[in-house]
Amino acid sequence: MIFKKNTIIIRNLGITYWKNIFDSMNVFTDIRNNNTLDEIWFVEHYPIFTQGQIEYNKKEQYIKKIPVVHSNRGGKITYHAPGQQIVYFLLDLKRLKINIKTLLFLMETVILETLYKFSIYANNKKKNPGIYVKNKKICSIALRIKRGCCLHGFALNISINLKPFTYIHPCGDSNIIMTKMDIYNKNATICTVYKVLIEQIELFFNCHCIVIS
């Protein structure tokens, strides 16, 4: 699957509050035009539970003193914290001439190949979006499409504390058990995985990435 080469801005935003990034990417998507370059944002969030549009409980504001917020992405509840690499894709799908199915395929391929580079053998599941290692979920994927453009993306567990995932049913499924990369490879860190993810994005999205730290 080959697409015309394009330029994508990569922003490494470090550790920041979820609300700041949520507001920024929605504004970016609302005001962008046909000449706006696509961007991909790498970020870690301070501890927070986010609920997707499928599962939203207004009454639940905290779980074990961790904030619970509503997001406009797809999916149900999940957890974010340092040690989890979140990658937000802000792409003009109309300009790229790809649909949501192709976008998900490319994202999953980037994740699977990145894990493979760390000798972690993973797979996807057709009925349960995300990436799994030995039937445990290592990466969650959720998107939103507005005016032919996407926002949100995936959350890859690298060295995150997994305990808060046990306070919820991740992605609304009581059978899901979460896992992380450094269980299988101690060389997997935010820094090492970040570099490989960019390489795989350039390869599979057939793009030229301009990295802005």
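Derivation of every value follows stated rules applied to the coordinates shown; laboratory data play no part. This one's a predicted model, so the numbers in the text were calculated from it and none came from an experiment. Cβ placement follows ideal geometry from the backbone for every residue including glycine, while neighbour counts extend to all protein chains displayed.
Just to be sure I understand: of the beta bridges DSSP finds with both ends in segment 6-212, what percent are antiparallel, rounded to 5?
Taking every DSSP beta bridge within segment 6-212, about 65 percent pair in antiparallel fashion.
Enumerate by residue number the trypsin sites (Lys or Arg not before Pro) in segment 83-123 meeting two conditions: DSSP loop (anything except H, G, I, E, B), and at most 15 other Cβ atoms within 10 Å of the site's Cβ.
K97
Give me the percent of Cα-Cα pairs in segment 21-136 that sit more than 23 Å apart, rounded to a whole number.
42
For the chain, what value does the Rg/Rh ratio take when both radii are computed over Cα atoms and Rh is the Kirkwood radius, given to two decimals?
0.93
What value, in deg cm²/dmol to 500, does the helix sum -39500 (n - 2.57) over DSSP H runs of n ≥ 4 give at 222 nm once divided by the residues of the chain?
-7500 deg cm²/dmol
Is there a pair in K134/K163; K117/K146; K76/K125; K19/K126 whose C-alpha atoms are over 22 Å apart, and which pairs would that be?
From the list (K134/K163; K117/K146; K76/K125; K19/K126), the Cα-Cα distance tops 22 Å for K117/K146; K19/K126.
For a quick check, take a GNM of the chain with Cα springs below 10 Å and name the residue from R11, R147, R73 with the largest mean-square fluctuation.
Comparing R11, R147, R73 in a Gaussian network model of the chain, the most mobile one is R147.
Please return the longest stretch of the chain lacking exposed loop sites, where GluC sites (Glu not before Pro) count only if DSSP places them in a loop and at most 16 other Cβ atoms lie within 10 Å.
61-213
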